[in-house]
Amino acid sequence: MSDKQTNMLEVENLWVRFPTRSGVFDAVRGVSFSLGKERLGIVGESGSGKSMTGRAILRLIRKPGLVSADKVLLDGKDIMSISEREMRSVRGQRISMVMQDPKFSLNPVMTVGAQIMEAYALHANSSKAETKRRALEMLEAVSIRDPERVFRAYPHEMSGGMGQRIMIAMMLIPDPQILIADEPTSALDVSVQTQVLSIMDKLVQERGMGLIFISHDLNLVSSFCDRVLIMYAGRIVEACQADKLHEAKHPYTRGLLNSLPRLDQPQKRLEVLKRDPAWREAESVSGAR
Amino acid sequence: MSGISINNLNVWFGEGINRVDAVKNASFQVDAGDSFGLVGESGSGKSTILRALTGLAENWSGQMEAAGEVLGKIRSPAFYKKVQMVFQDPYASLHPRHSVDQVLSETLFLHGFDEIDTRIVQLLEDVGLGTSFRFRYPHQLSGGQRQRVAIARALAPEPEILLLDEPTSALDVSVQAEILNLLVDLRAEHQLTYLMVSHNLAVVGHMCERIAVMQNGEIVEVMSVEDMRAMNPEHAYTKHLLKSSMGYDRSAVL
Amino acid sequence: MSNAELPGTSQQSWRSWLMTETPTSRRHAKFAALYQGWLTLKSNKLTMIGLGILLFLILVAIFAPLLAPADPFAQDLGGRLLPLGSEGHLLGTDSLGRDILSRLIYGARITLYIVILVALIAPVAGLFVGTVAGYVGGWTDTVLMRITDIFLAFPRLVLALAFVAALGAGIENAVIAISLTAWPPYARIARAETLTIRSSDYISAVKLQGAGPLRIITKHIWPLCISSLIVRITLDMAGIILAAAGLGFLGLGAQPPSPEWGAMISEGRKFILDHWWVATMPGLAIFVVSLGFNLLGDGLRDVLDPKDSGDE
């Protein structure tokens, strides 16, 4: 089996349920997919369950949320049933996550340098000098031109794009196998988006990582990723190659594509998505390779 | 003349060393009945121009004219009847403890309308919400529904000009389509003038006929939407913005 | 506009009317909101215990003449300092032979009186001062907040002493003294909330309809401040009761022979070693009522300000 064929991550029949006062709410309903050394995009609107899927894989969902799956295999080993202690060594070290707004995911009272060093020290046993060197190296790898200055600065002194690059540096310093990026560029200006994406792109390629890119932006995902999964109401409704997205068959995907205003094509009216209740009921499509 | 005219507008915050110039020397015209877009990234000053127009900015200089009235330090009640605004975040633009009915009846009352009940029903219908939404509170409404209520509130005084501050950027794609269609319909029905602020070029291209591109508080280019679609910009920043809006181009980067 | 159609008498249809997502009239919407808030409150067992304690306090206060086995002022010098469980005196008697249980029951009225008065005066004054200072800003804000600081600087008991010296001892003056030192925190809370709310889009929106400061403060800002003030007052109640008890203990509050719980503790102090129940029973009563207010306050916060409830 060639390197390209082995699956880094295999998810089968993932469910995430939340008990509420008026019954159980199923955020993710029977999602199955696999991830290799590729860029996998998960696209959906709010409430589709895309973010929950990412968090469920990392077991970040706390009570009263309930996560269950037939299997979640990381390199063939099940990570659903391992203890919380063992999971801690997986999180960050083997699977990492970059979230939407660096304002909310960076600690405001620690310097950037301290945070990156902490992220490194959690998974490696190096001297302080070595840790600092690695941290500065990582800052350079995300195209930060003055790493010493940024090292000593606080998160609120950074712009959005800078903050997100620091997040990426922090998340990649332990050299994980898989990166889950949950709307990493949605809070950024469009010109900064390209910069951050290209850094993520480069690093993922260089290190042979798998990337799960969660977003609501269909165009962005189809131009950035290799494969795309479209989620609706907790299920995957379509899985296809990114460059074949415009040939998508499911009416929801088509509806989403058609309801977007296009720069290159003027339209009198935007097509309004008509939600068919049958979409909720249909079986989840498998996102396996 | 019922359009908007901005001349050499400067808006700043703070004094002395702390002074931040949010808008520098901006000038543009919007004719009555037109739809004009202000495009730029965050910090470009586009939303600040809207706030200056509505009297929500304290320090400004230059000339502003809207709906036939030359604008000074304070806005008259007549101004608020003719110029209204729809805010960006539907989750923040409705008072959490006021029902839809309260929001609309207060608006109508403040502008001195009578027959408030009938008008409320009519407004809800105009924005595509049925009467079943009338007594709901904001937390019982979805983002798209809240934005419709915000639009109904803006339409209540029967304005001539609507200022739209990124009205769909906080909404899902499918909901965005509905709201944009609604705005297009309302403009035709009520002969409104739109000044729309957005960072999304595709949305602005759909809604507007002419646009002004802003960067760091300055207007760098004013062009027609046709020219934008033809990828015919003159200024380098506009070119850059257009390119970035087209999605990720791997070949260009690596 | 048609009135809300009230459901028939079946319990199921009442519940669905109250749990509806689509109210049909203003009254319907209000009732539905209240009912759903009540359900949230009910789900917290500790809060229900707190509410139960307070309801019990109110009932005892109302029905005191019916519940008290004896006259709280009747002295019986032959039966002084009888222990717990004595015949005719479940909780014993105090140094003048008065039945402790009856005094506790009548004392509930005084406690309730203090609580209601302070709850009406302090948060309301604080709301006024805080919202006006926060909204208007500038010199008004500075002046009002410095006045608030002055009152905040007074230790409660010292101010009460000054009042008593000026106006004479008594429960009303004690209440006024407590209120005068209790209102500043509410002003601060109200001001902080106003500063946050002031820059919201919905306030900008209503300004664009031509609303003036009076309407904005009373109809838009007050409804949002009230919930945190309600939570704060219930949590402060414990301290207020203790302050009144402290004043009573010092002889500055309710005067003898009034059965105020703090005064009772003071009288029983001398006998604490051999006749511990004389001071301890009123102390327990104060403890239970304070606890009740605390538990209720916590639960109310979950209902009124869900983001502070501490749960994810």
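Please treat every number below as a calculation from the coordinates, not as lab data. Quick caveat, the model's predicted, so the values are computed rather than measured. Virtual Cβ from ideal backbone geometry, glycine too; neighbours counted across all protein chains shown.
Just a few scattered comments:
- Förster radius 56 Å - calculated FRET efficiency between C:K42 and A:T6, Cβ distance, rounded to 0.05: 0.55
- Under 5 Å, built H, 5+ apart or other chain: amide partners of B:V23: B:V11
- Kirkwood hydrodynamic radius of region A:37-179, from inverse mean 1/r over distinct Cα pairs, in Å: 16.5
- Dmax and Rg, reported as Rg then Dmax, of region A:48-99 (C-alpha, Å): 10.8, 30
- In sequence order, calculated HN-Hα J values of region B:67-84 (Karplus, 6.51, -1.76, 1.60; Hz; x Gly/Pro): 6, x, 10, 7, 8, x, 5, 10, 9, 7, x, 4, 4, 5, 6, 9, 10, 10
- Compactness of region B:116-198, taken as the C-alpha radius of gyration over 2.2 N^0.38 Å, stands at 1.05.
- For B:169-180, mean number of other protein chain Cβ atoms within 10 Å: 6
- Sorted largest first, extent of region C:42-308 alpha carbons per principal axis (Å): 77, 47, 29
- Percent of Cα pairs exceeding the 13 Å cut-off, where the set is region C:214-288: 70
- Quarter of Cα convex hull surface for region B:1-79, i.e. mean projection, nm²: 5.4
- Residues whose placed amide H lies under 5 Å from that of A:L179, excluding near-sequence neighbours: A:S96, A:G210, A:L211, A:I212
- Taking a straight Cα-Cα cut-off under 20 Å and skipping sequence neighbours fewer than 8 places away in the same chain, the aspartates and glutamates within cross-link reach of A:K103 are A:E118, A:E157, A:D182, A:E183, A:D189, B:E41, B:D89, C:E312.
- With the biggest extent put first, the Cα atoms of the protein assembly as shown measure 105, 73, 65 Å across the principal axes.
- Inter-label distance for B:E58 and B:A32, nm, one decimal - labels placed 7 Å from Cα along Cα-to-Cβ: 3.6
- Here region A:146-275 is treated with +1 on each Lys and Arg Cβ and -1 on each Asp and Glu Cβ, and its dipole about the Cα centre works out to around 620 debye.
- For B:V184, the shell of other residues with beta-carbons less than 15 Å away shows a net charge of -3, using +1 for Lys and Arg and -1 for Asp and Glu.
- Across region C:118-128, computed HN-Hα scalar couplings (Karplus, 6.51 cos²θ - 1.76 cosθ + 1.60, θ = phi - 60°) run 5, 5, 7, 7, 5, x, 5, 4, x, 4, 3 Hz from first to last residue, x flagging Gly and Pro.
- Over chain A: Rg over Rh, Cα atoms, Kirkwood Rh: 0.98
- The C-alpha radius of gyration of region C:68-202, expressed as a fraction of 2.2 N^0.38 Å, stands at 1.56.
- Over the protein assembly as shown, dividing the summed -39,500 (n - 2.57) contributions of all DSSP H runs of at least 4 residues by the number of residues returns a 222 nm mean residue ellipticity of -14500 deg cm²/dmol.
- 23 Å Cα-Cα threshold exceeded, pairs from A:K63/C:K30; B:K46/B:K243; B:K46/C:K207; B:K46/B:K73; A:K50/A:K71: A:K63/C:K30
- Amide H contacts of A:Y232 (H built 1.01 Å from N, in plane; Pro and chain starts excluded): A:V237 sit under 5 Å, all sequence-distant by 5 or more or on other chains.
- At R0 = 41 Å, FRET efficiency that the Cβ-Cβ distance of B:F113 and B:N216 yields, to 0.05: 0.45
- In chain B, the sites counted are GluC sites (Glu not before Pro) in DSSP loop states with at most 13 other Cβ atoms within 10 Å, and the longest stretch holding none of them, exclusive of the sites, is B:116-233.
- Charges were assigned to the Cβ only: +1 to each Lys and Arg, -1 to each Asp and Glu. The resulting dipole of region C:42-308 about its Cα centre is roughly 740 debye.
- Relative contact order, whole percent, for chain A stands at 26, derived from Cα pairs under 8 Å and 6 or more residues apart.
- Positive-end residue, the protein assembly as shown charge dipole about Cα centroid, Cβ charges, pick of C:F293, C:Y106, B:N7: C:Y106
- Pairwise FRET efficiency - A:N125 versus A:K77, Cβ, R0 = 22 Å, nearest 0.05: 0.45
- Within straight-line cross-link reach of C:K219, aspartates and glutamates at Cα separation under 15 Å, skipping those fewer than 8 residues along the same chain: B:D101, B:E106, C:E193
- Whole-number D in µm² s⁻¹ for chain B, Kirkwood Cα-pair radius fed into Stokes-Einstein, 4 °C, 1.567 mPa s: 68
- Of the residues A:L273, A:V109, A:L122, the one whose Cα sits farthest towards the positive end of the charge dipole of chain A is A:V109 (charges of +1 on Lys and Arg Cβ, -1 on Asp and Glu Cβ, taken about the Cα centre).
- Within region C:122-166, the proportion of Cα pairs with more than 18 Å between them is 40 percent.
- Kirkwood estimate for region B:41-121, i.e. one over the average of 1/r between Cα atoms, Å: 14.9
- With a simple spin-label model that places each label point 7 Å from the Cα along the Cα-to-Cβ direction, the separation between B:V70 and C:S199 comes to 3.4 nm.
- Computed from backbone phi, the HN-Hα couplings of region A:266-279 come to x, 10, 6, 10, 7, 5, 8, 5, 9, 6, 9, x, 5, 5 Hz, rounded to whole numbers (Karplus: 6.51 cos²θ - 1.76 cosθ + 1.60, θ = phi - 60°; Gly and Pro given as x).
- Summing Lys and Arg as +1 and Asp and Glu as -1 over all other residues whose Cβ lies under 12 Å from the Cβ of A:K128 gives a net charge of +1.
- A simple count of charges around B:R229, restricted to other residues whose Cβ falls under 12 Å of its Cβ and scoring Lys, Arg +1 and Asp, Glu -1, yields -3.
- Per-selection Rg to Rh, region C:16-109 - Cα, Kirkwood hydrodynamic radius: 1.33
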